[in-house]
Amino acid sequence: MLEKIWDLRDYVQELEDITEDIVNYLKFLKDLDESTRNIWTSDVKEFFSNTVSAWEVLTTITEEESNLKNIDDSKSFLYAARNRLSLIISQLNIFQSRKSSMLIEKIEIAFKECWDAFWINLNELLPKEDFVKPTEIILKVSDLEYHLPCSVCSKIAVKFKIGFGRLDEKESLVFRGITLETSLRVELSNVLYKILEDDDLIGVHNFMKKYHSPEGVDAYCPECDKLYCWEHYNAKEEYDDGFYDCTYGECPKGHKRMIDD
Ligand SMILES: [Zn+2]
Ligand SMILES: [Zn+2]
C-alpha cells in the first residue's frame with residue numbers, strides 16, 4: 001500500500017471516534033422514539049462506513065498502477081459520506097443542546113480535515129491527462145439517445161433517451177442528470193431533439209424548466225452556459241430536520257444555484 005494512503009487512516013480513525021460519540025448520544029437521548037433512534041443510528045453508521053470504503057478502495061493502488069476505477073469509487077463514497085453528514089447534522093440540529101452543537105462542530109471539523117486529505121491524494125493519484133475537455137457540447141449516440149458531457153472532464157453529466165425509465169410502463173423520454181432521473185412524455189422528444197441537434201444548451205435547460213421543474217437541467221450552470229458533472233458542480237445535498245430539502249451546485253467559477261428541490 002502507498003504510504004500516503006496508509007496515512008489517511010488517521011483521519012478515518014478520528015471520524016470513527018466521533019461517530020461513536022454520536023451513536024452514544026442518540027442512545028441516551030430522551031424524546032426520541034425507538035424507530036427514529038434506529039434510523040438515525042444507522043445513518044451515522046452509514047456515514048462512517050462510506051468513509052471507510054472511500055479509504056479501502058484506495059489501498060490496492062500501487063506506485064506502478066494507479067487504478068482509475070478505484071479513484072472514481074473513492075470519490076463516490078466521499079460524496080455519499082458528505083451527503084449523509086449533512087443529513088446527520090440536520091438531525092442533531094433539532095435538539096439545540098450544548099452537547100449536540102459540540103458534536104456537530106467536532107464532526108464537521110474532522111470531516112473537513114479528512115475530506116481535504118483525501119482530495120490531496122486523489123488529485124495526486126489521478127493522471128493529469130485524465131481531464132480532457134469534450135470536443136463536442138452534445139454527443140449524438142443514436143437517433144434515440146444523446147449524451148451531454150461535463151465541460152471540465154468530459155464525463156457524461158446528462159443523458160436523454162427514448163426508452164424506458166426504471167418505473168415506466170410505456171416508452172418515454174428519459175432524462176438522467178446528476179441528481180435525478182425522470183421520464184417525460186415521449187412526444188416531447190420531437191421538440192427536444194431539434195434543440196439538441198442545434199447544440200443549444202440554454203434551449204435544453206429551458207425545455208426542462210418548462211416540462212419538468214424550475215431548476216431545469218440540474219448539471220447546467222446558466223451563468224457559464226456550461227454543463228458540469230457532480231464533482232465539478234460540487235453538488236451538495238441539504239437536509240432540514242432530518243429530511244431531504246434540496247441540492248445546491250457550485251460551478252468552478254463560483255456560481256451557485258439550487259439544482260434539485
Ligand atoms: Zn466533470
Ligand atoms: Zn458557472
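Summary table
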quantity	calculated
Residues of the range 143-187 that turn out to be farther than 20 Å from Trp230 by Cβ, assigned to a loop (DSSP other than H, G, I, E, B) and open to solvent by 50 Å² or more (accessible area, probe 1.4 Å), as a count	7
Residue identified as closer than 26 Å to His232 by Cβ and touching a helix residue (DSSP H, G or I) at 6+ places or on another chain (Cβ under 8 Å) among Leu92, Leu103, Leu68	Leu68
Complete set of residues in the range 228-246 that are under 20 Å from Leu201 (Cα atoms) and in contact with a helix residue (DSSP H, G or I) (Cβ under 7 Å, 6 or more places away or on another chain)	Trp230, Glu231
Matching residues, the range 242-256, being open to solvent by 40 Å² or more (accessible area, probe 1.4 Å) and in a strand (DSSP E or B)	Phe243, Tyr244, Asp245, Tyr248, Glu250, Lys256
Flag for Cys229 being out of contact with any Asp or Glu (no Cβ under 8 Å at 6 or more places or on another chain), touching a residue at least 40 places away in the same chain (Cβ under 8 Å), outside any strand (DSSP E or B) and near ligand 2 (Cβ under 9 Å from one of its atoms)	no
Residue match in the range 124-141 (condition: more than 20 Å from Ile71 (Cβ to Cβ), surrounded by 12 or more Cβ atoms within 10 Å (Cβ to Cβ) and among the acidic types (Asp, Glu))	no
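The values are calculated or read from the model by the stated rules, or taken from the named source; none is laboratory data. All values reported here derive from a predicted model rather than from experimental measurement. Because the Cβ atoms are built from the backbone with ideal geometry, glycine has one as well, and the counts that use them run over all protein chains shown. Heavy atoms of the whole protein, side chains included, go into the accessibility calculation; ligands, DNA and RNA do not. Shrake-Rupley method; radii C 1.70, N 1.55, O 1.52, S 1.80 Å.
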